[in-house]
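Notes for the one structure printed next.
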Amino acid sequence: MNRINKKMQEDKKLLSLYFTAGYPELNNTVKIIEDLEANGVDMIEIGLPFSDPLADGPTIQNSSTIALKNGMTTNLLFKQLKDIRKTVSIPLIVMGYFNPMLQYGVEDFCKKCSEIGIDGLIMPDLPLAVYQDEYEAIFKKYNLKNIFLITPQTSNERIKQIDEASDAFIYMVSSASVTGSKSGFGDEQTAYFKRIASMQLKNPQIVGFGINNNETFTQATEDAKGAIIGSAFIKHLTENGVDTIKEFVQEIR
Amino acid sequence: MNYNVTKKGYYGTFGGAYIPEMLYPNVENLRQNYLKVMAEPDFKAEFDQLLKDYVGRPSPLYFAKRLSEKYNTKVYLKREDLNHTGAHKVNNTIGQILMAKKLGKKRIIAETGAGQHGVATATVCALMGMDCVVYMGEIDIARQAPNVARMKMLGAEVRPALSGSKTLKDATNEAIRDWINNPVDTHYIIGSAIGPHPYPDMVTRFQSVISEEIKWQLKEKEGRENPDYVVACIGGGSNAAGTYYHFLHEEEVGIIAVEAAGKGINSGESAATSALGKEGVIHGCKTLLMQTNDGQITEPYSISAGLDYPGVGPLHAHLYKTGRGEFYSATDDEAMQSGLELTKLEGIIPAIESSHALAIFKHKTFKPDDVVVLSLSGRGDKDLDNYIKYFNL
Ligand SMILES: Cc1ncc(COP(=O)(O)O)c(C=O)c1O
């Protein structure tokens, strides 16, 4: 069974963290992953930096720019992760934008991920229809789960389509925003969380965008299976360095 | 060969809508409605009336006698430079603001490089009393001060794009992010034939008034609707798409595109996308774009801020790949000399973008009886500073 599916069956709320590979330093990748697992994080999104991250706010834009300046490339990330499964057993997901994957070759990219032991991909700008028409068979061949996003504006009909096409979890974007722009959830979000919960989807939901502390983590996971933190973690790394991951994770739960 | 967009939004292998889910409801709403709305009689009537009384259409098709003599062929200039606000851009912004109203949107956002599209958008927002935010790279804001002032006078808020290279590509990213943050009341008026489907097709249709007019104007002047060649410069490709549109399937009409070579195709400072680009995804669209082997989008360069874009619209990528279009590129120097030449021969100061199209005569020899229609996409007022510096005027 894919590690993500197994993780979803655990009887607890899941904490997942995103970081940009190559940031703050080019060779922090393995250390960050190992420290996150050692401190009880359930799942990790490894960000492959892109020059033009459309869905990201200033924090992740900035970490991506620096990571690229540091020399991060698709090949280098794969090289850094080559032996990751010798030390790390939690689910690992590569999150990035579609163009670098397309240039690497979609099949080669998937094959490499599978060899390394990556469990899934999040490619926000690879839309559902294109995935189904052109790439689903390749993802399946390499046992990679493709994770789709939904937002408060996504229609129920489309949510059902996405649920049908998914086989891991649904990435529930908390509010209409790019990453890192809102903090704290209001009535609108709570209503949206309840609405989705009441749909009885077959895939569990993990909430992302706007989670930055214990309070928002607790709110987000009241109905959902877990939550993803990205910008707040990047900010923490910027301000406190990579040796303080424990403090960050303990603060969240 | 088909050069129109398919139902799924492709031109050959190019196009599509590679957008994050956050944009899906708006882009899908537009996709489902744009053709329906454009076909509504009251929409058409208002669009046509504004193009006539507000923009000043039809724009003249002018026989450039002295330029023709110089290059021993028959050159007609399609005078988009005479439009209100000084370029073809306004054809699209009029169409899109009427579309936005039909879709019940209250707030408009746009990106701009040189400021021409920003001014054209701010203008129609003033006309319709709608809120307007224009994203512009911080570097372009400094380079194009008069257009920034015009936008402000027109009531628009100009927001600097501070990310990446701080030019057009980054302004486009910021506009897209704004749309993600404001999904309900906002319409994004894209300024060229780029972006996710249906934008390239919608922008092309609004700009297609250019070739529609060329047909009947040429019939009056030459007794035939089809020229031997149509020529246009390509940034994202909206004036070109409009100039080609009604000739795409007329095989006897040669289609010529001129891109910006900057300091030379192999200088590392260029915007000649068809020569330097590879297939990839930029701003929601699969097309030719300038990028590293690793798929990171690279920075283009051109003396002309309006051609300074690392991609081309998907229609043009298709015209290039199929060989339907002949693609050339003009360097900064060639364009500047061609702009000065038109000024001296015809008394018309062109936008530096349009000067690139004029540089075709340095690259291709036409026959004496060829009829060549060239899109003079904009006027040079906005570029005076550049001309002054370049020629030490
Ligand atoms: C006068 C003029 N021509 C051409 C362009 C290039 O755009 P497009 O390729 O969309 O026509 C611009 C863009 O700013 C412009 O201002």
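The values are calculated or read from the model by the stated rules, or taken from the named source; none is laboratory data. As the structure is a computational prediction, the values presented were derived from the model and not from experiment. All Cβ positions, glycine included, derive from the backbone under ideal geometry; neighbour counts span all protein chains shown. Only protein heavy atoms, including side chains, enter the accessible area calculation; ligands, DNA and RNA are left aside. Shrake-Rupley method; radii C 1.70, N 1.55, O 1.52, S 1.80 Å.
Examine the stretch A:246-253 for a residue that is open to solvent by 10 Å² or more (accessible area, probe 1.4 Å) and in contact with a strand residue (DSSP E or B) (Cβ under 8 Å, 6 or more places away or on another chain), and state whether such a residue exists. Please lay out each step first, then the result.
First, the residues of the stretch A:246-253 that are open to solvent by 10 Å² or more (accessible area, probe 1.4 Å): A:246-248, A:250-251, A:253.
The next check asks that each one be in contact with a strand residue (DSSP E or B) (Cβ under 8 Å, 6 or more places away or on another chain); those that pass are A:253.
Scanning the stretch A:246-253 turns up at least one residue that is open to solvent by 10 Å² or more (accessible area, probe 1.4 Å) and in contact with a strand residue (DSSP E or B) (Cβ under 8 Å, 6 or more places away or on another chain).
Which residues, taken from the stretch B:237-280, are of a type in the set (A, V, I, L, M) and either in a helix (DSSP H, G or I) or within 14 Å of chain A (Cβ to nearest Cβ) (or both)?
B:A240, B:A241, B:A275, B:L276
When you check B:I234 against the structure, is it within 13 Å of the ligand (Cβ to nearest atom), within 14 Å of another protein chain (Cβ to nearest Cβ) and within 11 Å of the chain's Cα centre (by Cα), yes or no?
So B:I234 fails the test.
Give the residue, chosen from B:G262, B:G280, that is without any contact (Cβ under 8 Å) to a residue 40 or more places away in the chain and away from the ligand (no atom under 14 Å from the Cβ).
Testing whether each residue is without any contact (Cβ under 8 Å) to a residue 40 or more places away in the chain and away from the ligand (no atom under 14 Å from the Cβ) leaves just B:G280.
Given the criterion part of a helix (DSSP H, G or I) and at pLDDT below 95, identify the matching residue among A:E239, A:E188, A:E164.
Step by step, each of A:E239, A:E188, A:E164 is checked, and only A:E188 is part of a helix (DSSP H, G or I) and at pLDDT below 95.
Kindly establish whether B:P350 is within 15 Å of the ligand (Cβ to nearest atom) and away from every other protein chain (no Cβ under 14 Å). Working first, answer last.
Working: within 15 Å of the ligand (Cβ to nearest atom): yes; away from every other protein chain (no Cβ under 14 Å): yes.
Answer is yes for this residue.
Which one of the conditions (1) outside the structural domain of B:G277 (by TED's automatic domain parsing); (2) assigned to a helix (DSSP H, G or I); (3) within 16 Å of the ligand (Cβ to nearest atom) does B:I180 fail to meet, given that it meets all the rest?
Condition not satisfied by B:I180: (3).
Only one of B:L342, B:L358 is aliphatic (A, V, I, L, M), in contact (Cβ under 8 Å) with a residue 12 or more places away in the chain and within 12 Å of the ligand (Cβ to nearest atom). Can you tell me which?
Numbers: B:L342 fails: within 12 Å of the ligand (Cβ to nearest atom).
Criteria check complete, one pass: B:L358.
Could you go through the stretch A:118-126 and let me know if any residue there is crowded, with 16+ Cβ neighbours inside 10 Å and in a helix (DSSP H, G or I).
Initial filter on the stretch A:118-126 (crowded, with 16+ Cβ neighbours inside 10 Å): A:118-126.
Filter once more, so that each one left must be in a helix (DSSP H, G or I): none.
No - not one qualifying residue is present in the stretch A:118-126.
Which residue is surrounded by the fewest Cβ atoms within 10 Å (Cβ to Cβ), if the candidates are limited to the stretch A:139-161 and must be within 12 Å of chain B (Cβ to nearest Cβ) and part of a loop (DSSP other than H, G, I, E, B)?
Among those residues, the one meeting the criterion is A:S155.
Return the residue satisfying two criteria in turn: it lies in the stretch B:300-337 and is part of a helix (DSSP H, G or I), out of contact with any Phe, Trp or Tyr (no Cβ under 7 Å at 6 or more places or on another chain) and away from the ligand (no atom under 14 Å from the Cβ), and of such residues it is most open to solvent (accessible area, probe 1.4 Å).
It comes out as B:K321.
For the stretch B:87-139, which residues satisfy the criterion of being among the polar types (S, T, N, Q) and open to solvent by 10 Å² or more (accessible area, probe 1.4 Å)?
Going residue by residue through the stretch B:87-139, those that are among the polar types (S, T, N, Q) are B:91-93, B:96, B:112, B:116, B:121, B:123.
Correct list: B:Q116 only.
Test B:A357 against the stated conditions and say whether it is under 29 Å from B:N4 (Cβ atoms), part of a strand (DSSP E or B) and aliphatic (A, V, I, L, M).
In short, no.
Which of (1) within 16 Å of the ligand (Cβ to nearest atom); (2) within 14 Å of chain A (Cβ to nearest Cβ) is the odd one out, the single condition B:E28 does not satisfy?
(1)
What number of residues within the stretch B:265-284 are open to solvent by less than 20 Å² (accessible area, probe 1.4 Å) and out of contact with any strand residue (DSSP E or B) (no Cβ under 6 Å at 6 or more places or on another chain)? Please lay out each step first, then the result.
Initial filter on the stretch B:265-284 (open to solvent by less than 20 Å² (accessible area, probe 1.4 Å)): B:270-274, B:277, B:280-284.
Then keep just the ones that are out of contact with any strand residue (DSSP E or B) (no Cβ under 6 Å at 6 or more places or on another chain); that gives B:281, B:283-284.
Total satisfying the criteria: 3.
Taking the stretch A:167-184 on its own, how many of its residues are open to solvent by less than 30 Å² (accessible area, probe 1.4 Å) and modelled with pLDDT under 90?
5
Given the condition more than 9 Å from the ligand (Cβ to nearest atom), without any contact (Cβ under 8 Å) to a residue 40 or more places away in the chain, more than 23 Å from B:A271 (Cα to Cα) and basic (K, R), answer yes or no: does some residue in the stretch B:197-209 qualify?
No: the stretch B:197-209 contains no residue that is more than 9 Å from the ligand (Cβ to nearest atom), without any contact (Cβ under 8 Å) to a residue 40 or more places away in the chain, more than 23 Å from B:A271 (Cα to Cα) and basic (K, R).
Report whether or not A:A129 is open to solvent by 30 Å² or more (accessible area, probe 1.4 Å), in a helix (DSSP H, G or I), closer than 22 Å to B:Y24 by Cα and away from chain B (no Cβ under 14 Å).
Judged against the criteria, A:A129 is not a match.
Determine, yes or no, whether B:I194 is buried (at least 24 other Cβ atoms within 10 Å of the Cβ) and either away from the ligand (no atom under 16 Å from the Cβ) or within 11 Å of chain A (Cβ to nearest Cβ) (or both).
No.
Among what's in the stretch A:97-112 and is open to solvent by less than 10 Å² (accessible area, probe 1.4 Å) and either at the interface with another protein chain (Cβ under 10 Å from one of its Cβ atoms) or of a type in the set (D, E, K, R) (or both), pick the residue that is nearest to the chain's Cα centre (by Cα).
Top of the filtered list is A:F98.
Is there a residue in the stretch B:342-349 that is assigned to a loop (DSSP other than H, G, I, E, B) and in contact with a Gly (Cβ under 6 Å, 6 or more places away or on another chain)?
Checked against the condition, which is being assigned to a loop (DSSP other than H, G, I, E, B) and in contact with a Gly (Cβ under 6 Å, 6 or more places away or on another chain), the stretch B:342-349 yields at least one hit.
Do we have any residue at all in the stretch A:68-89 that's within 14 Å of the chain's Cα centre (by Cα) and crowded, with 22+ Cβ neighbours inside 10 Å?
The answer is no; no qualifying residue exists.
Check whether at least one residue in the stretch B:289-296 is within 23 Å of B:A232 (Cα to Cα) and assigned by TED's automatic domain parsing to the domain that holds B:K321, and report yes or no. Walk me through how you get there before you give the answer.
Our first condition is that a residue be within 23 Å of B:A232 (Cα to Cα); within the stretch B:289-296, this holds for B:289-290.
With assigned by TED's automatic domain parsing to the domain that holds B:K321 added as a condition, the list becomes B:289-290.
Within the stretch B:289-296, one or more residues are within 23 Å of B:A232 (Cα to Cα) and assigned by TED's automatic domain parsing to the domain that holds B:K321.
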